[in-house]
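Here's the structure, in structure tokens; my notes come after.
What follows is calculated from the coordinates using simple rules that are stated; it is not laboratory data. All figures in this text were calculated on a predicted structure; none of them were measured in a lab. Don't worry about glycine lacking a Cβ; one is built from the backbone with ideal geometry, like all the others, and counts go over all protein chains shown.
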Amino acid sequence: MKGKTLSASRARQILAAAQKTRVLVVGDVMLDQFIWGGVSRISPEAPVPVVEFARESFMPGGAANVARNLISLATPAELFGAIGNDDAGRKLQKLLGEQNIGCAGLVKSSARHTSVKTRIVAHQQQVVRIDRETRDGLDGKLTARLIAELKSKLSQTDAVIVGDYGKGVVTQTLLDEVKKLCRERGVWLSLDPKPVHHLDLSHLSLITPNRKEAFELADLPDETKNENPFADQNLMRVAERLLDELRPALLLITLGELGMLLCQRGQKPFHIPTVAQEVFDVSGAGDTVIASFTLAVAAGASPVEAAILSNHAAGIVVGKVGTAVTSPEELVKSFTIR
């Protein structure tokens, strides 16, 4: 693949062009709740830490965090998904409004609970996570409403991101219709997969599984791991199978501390080593990757440029606690200090 480097000036140019694009995000939206505190003793009732409450905070999560990442990088974004007619849904809508994320595409259902993930954090480390959610697939009426909302906004859209977190919004019916609409209009379509769903993920523009998800999608066991991805025969086999069977334009496998592997049919995979200096919290890192990669492509970046940019963005957010984001200034700076 050509153009295997990215300068700070080119990163700045891509991010400036991204401000003139428009990206739609559809999928499972959530409310992320963080309870912050400290631990100084073990409970006398059970061998568990006692977290002394200090404060709490709320952030958009799931597909809503993908949209939040786009907005933080000055890329116009709108969000489509389903929430419950409940306090968590209202809280999420308020947060989205405060962060200038368009959320007119959120459909409400009294039969669903807004997904809430509560993370208890002590001394910058997660102690436990509590999930409250509805996982049932959207019924036909809600899916039709969601598709209609999305269709009405596609005419002036450069890219669509589907965020599947296994909470029921991303059904095969929804995905098939989104693929059809994007194909008809020549709109780029990225998807962050959840293999447990067993959806037909064929013929997408971009798929961004992590290593575990890639092996699950390929239905192959992950028996070995090599520090050099190119010497990891199982990983290479997985990449080849996914390219052959799903036929995406691009496959980006995130490898944690080993960086990323960008794969394209007919070309040698391109490995991008991680640039993370310290890792405090990987929550939402995948959201940052798919958001920054997609906005870069929408802005005219090559696949390799988009992968390098998203790798830098992920390296920044994992050095922060919580579902974090980065700014254009912070991202450009990361290309000058390494």
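Look at the dipole of the chain built from charges on Cβ: of T171, A18, V238, the Cα furthest out on the positive end belongs to A18. The order of the peptides 41-50, 241-250 by mean Cβ neighbours within 10 Å, most packed first, is 241-250, 41-50.
What is the chain's relative contact order, in percent, from Cα pairs under 8 angstrom and six or more apart in sequence? Mind showing how you got there, number by number?
On the way: 720 pairs, mean separation 66.8, N = 338.
Rounded, it is 20 percent for the chain.
Could you give the size of the charge dipole of the chain about its Cα centre, using +1 on the Cβ of each K and R and -1 on the Cβ of each D and E, expressed in debye and rounded to the nearest 20? Show your work: numbers first, answer last.
Working: 40 positive and 38 negative charges, 183 e Å.
Using only the charged Cβ atoms, the result is roughly 880 debye.
Of the DSSP beta bridges with both residues in the chain, give the percent that are antiparallel, rounding to the nearest 5. Write down the numbers at each step before the final one.
Numbers: 27 of 60 bridges.
Roughly 45 percent of the DSSP beta bridges within the chain come out antiparallel.
Take the residue pairs K91/K153; K117/K167; K108/K167; K151/K194; K151/K179; K91/K117 and return only those whose Cα atoms are more than 20 Å apart. K91/K153; K151/K194, as the Cα separations exceed 20 Å there. Each residue of region 126-134 was assigned a 3J(HN,Hα) from its phi angle through the Karplus curve 6.51 cos²θ - 1.76 cosθ + 1.60 (θ = phi - 60°); the sequence is 5, 9, 7, 10, 10, 10, 10, 6, 10 Hz, with glycine and proline shown as x.
Report D for region 26-95 in µm² per second (integer): Stokes-Einstein, Kirkwood Rh on Cα pairs, 37 °C, 0.692 mPa s.
On the way: Rh = 14.3 Å.
Approximately 230 µm²/s, per Stokes-Einstein.
Cross-link partners for K268 among the lysines, with Cα-Cα distance under 24 Å and sequence neighbours closer than 8 places in the same chain left out: K2, K4, K212, K225.
Among A159, A291, A231, which one shows the highest mean-square fluctuation when the chain is modelled as a Gaussian network with alpha-carbon springs under 10 Å? In this elastic network of the chain, the residue with the biggest mean-square fluctuation among A159, A291, A231 is A231. Across region 91-102, coupling constants 3J(HN,Hα) worked out from phi with the 6.51/-1.76/1.60 Karplus curve, θ = phi - 60°, read 4, 5, 4, 5, 4, 4, x, 5, 9, 6, 9, x Hz, and Gly and Pro carry x. Beyond 22 Å, the tail of the calculated P(r) for region 192-338 holds 37 percent of the Cα pairs.
Take every DSSP beta bridge whose two residues both sit in region 32-163, then give the antiparallel share in percent to the nearest 5.
Values: 17 of 29 bridges.
Roughly 60 percent of the beta bridges in region 32-163 run antiparallel, per DSSP.
Convex hull volume of the Cα atoms of the chain, normalised per residue: 146 Å³. Calculated translational diffusion coefficient of region 35-140 (25 °C, 0.890 mPa s; Stokes-Einstein with Kirkwood radius over alpha-carbon pairs) equals 156 µm²/s.
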